[in-house]
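Below is one structure, written out as structure tokens; the observations come after it.
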Amino acid sequence: MMLDFDASPYGAYVWPAFAITALVFAGMIAAALAHARRWRARTEALRRTAEAAEAAHRAAPSKAPAP
């Protein structure tokens, strides 16, 4: 089966529209991936900060009053 890419007189409008759509989709995908990378890096930084605070809390002597 051969694909017919002839858009006749509408080709001047159809093919650029397809190209613009493909570029917009590629841009949206790139933006989503960049956002996900930033989100993951921020999450890991917060996790490391929380783990360090928890470790410091466990290592610090208790300030509870002595009986």
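Observations
- Neighbours by Cβ (under 6 Å, 6+ apart or cross-chain): first from region 1-27, surrounded by 10 or more Cβ atoms within 10 Å (Cβ to Cβ); second assigned to a loop (DSSP other than H, G, I, E, B): Val14/Ala7
- Residue check for Ala50: surrounded by 10 or more Cβ atoms within 10 Å (Cβ to Cβ), part of a helix (DSSP H, G or I) and more than 14 Å from the chain's Cα centre (by Cα): yes
Throughout, read-outs are computed from the coordinates displayed, never taken from laboratory work. Keep in mind the model is a prediction, meaning the values are calculated, not measured. Cβ atoms come from the backbone with ideal geometry, glycine included; neighbour counts cover every protein chain shown.
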